[in-house]
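The values are calculated or read from the model by the stated rules, or taken from the named source; none is laboratory data. Nothing here was measured: the structure is a model prediction, and the numbers come from that model. Here the Cβ positions follow ideal geometry from the backbone for every residue, glycine too, while neighbour counts run over all protein chains shown.
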């Protein structure tokens, strides 16, 4: 049998697995040094959590599954910050022109090509 991970050991401690699997895991934990040390750590952690929460050891508590952090996700390179920076630069260009006269003619987009 392959070694158990921390989640499988926690399910074993909480008795959340099938009885046939419970017996196999129990035998493996007794024989495997790595799994027995993980088991002891998990039992100690659960005892500490129960103590901190004020639960007796007979009460069953539910520990939520681990979720990946938001910081681990890849961020979009083209977010709002570059957009706001470009807008600010354009505003400063129009506000601080050299001639300081108001623009009276209609401004055409740079891709406008007059016909003829």
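Every listed requirement among (1) modelled with pLDDT under 70; (2) assigned to a loop (DSSP other than H, G, I, E, B) is met by residue 71 save one, (2). For region 21-41, the condition holds for no residue, the condition being that it is at pLDDT below 90, surrounded by 12 or more Cβ atoms within 10 Å (Cβ to Cβ), in contact with a helix residue (DSSP H, G or I) (Cβ under 7 Å, 6 or more places away or on another chain) and in a loop (DSSP other than H, G, I, E, B).
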